[in-house]
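Structure, as structure tokens:
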Amino acid sequence: MNINYSKVVEFWKWFKSIANELISNPNNSDLLNKLDEFVLSIGPFDWEIGPMDKSLKFLAISPNLNEDFLSITRQIISLAPECEGWIFLPAKPAKGLQEVFKMYNESGKLITVDTSQWQYVLYKFDDGTFDMDIKGCEIEGNLDYSYLAVDIGLTNLLGEEKYMKLIKNIKIVKKFQDTDKNKATPFKYLDKHLGNVSK
């Protein structure tokens, strides 16, 4: 996939012109809708805005959990201008454990997702990547949206790039295999767990 550099340059020119306004009014629906339109015009990407620290906000142009697109979002970010108060990222950053978050289900209903009962089992491969079985993550929605909830939970906890790099296949299960029950671990320990088993 090749990016349209003229559209990317146009996007960054526009963003620089509204960067200060977006800091002072981060819920401006007109600006957010325009941002959405711009990103979609560049390619099949997602985006996220949030606080990096007390004095800095981030804008992530996300590869949408497609590792093949990460090099492209890096190209897009490489063209970003200097904007006071902003940092630009090629993937969504880790936010730590977000035990409870909200999302929309397939009916457009805003639902609450509680990760406190999630448990997982990891299966390690020789290349250092993992498959994962996960349970307790049923939501008020269909199975596709349960998987979306898991994607959101993992992206929040690990950051999008680490998630894509380490976890390759996920299966939502009602119960773990008898041989794996003793390996079941609460979701909140996943980041630390990956750090230990990846060594």
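Nothing in this text is a laboratory measurement; each read-out follows from the coordinates by a stated rule. Just so it is clear, the structure is predicted and the values come from calculations on it, not from any experiment. When we count neighbours, we look across all protein chains shown, and the Cβ atoms used for this are built from the backbone with ideal geometry, even at glycine.
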Practice problem: List 145, 120 from most exposed to least, where exposure is judged by having the fewest other Cβ atoms within 10 Å. | Solution: 145, 120
Quiz item: At each listed q (0.16 Å⁻¹), what is the log10 of I(q)/I(0) that the Debye formula gives for segment 5-89 modelled as equal alpha-carbon point scatterers?
Solution: -0.58
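Please report 57, 175 as a ranked list, fewest other C-beta atoms within 10 angstrom at the top and most at the bottom.
Values: 57 17, 175 10.
Ranked by crowding around the Cβ, least crowded first: 175, 57.
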Quiz item: Per residue, what volume in Å³ does the Cα convex hull of the chain take up?
Solution: 140
Quiz prompt | Where the Cα pairs of segment 100-197 fall when distances are cut into 5 Å bins, in % | solution = 3, 13, 25, 25, 20, 10, 4, 1, 0
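Please say if segment 143-199 is rounded, prolate or oblate, where rounded means a/c under 1.5 for a ≥ b ≥ c the square roots of the C-alpha gyration tensor eigenvalues, and otherwise the choice is prolate for a/b larger than b/c and oblate otherwise?
Details: a/c = 1.94, a/b = 1.08, b/c = 1.79.
Oblate.
As a footprinting exposure proxy, order 15, 176, 187 by other Cβ within 10 Å, with the fewest listed first. Intermediate values should be presented prior to the final figure.
Numbers: 15 20, 176 17, 187 23.
The fewest-first ordering by Cβ neighbours comes to 176, 15, 187.
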Self-check item: Formal net charge of residues neighbouring residue 19 (Cβ-Cβ distance under 12 Å; K, R +1; D, E -1)
Solution: 0
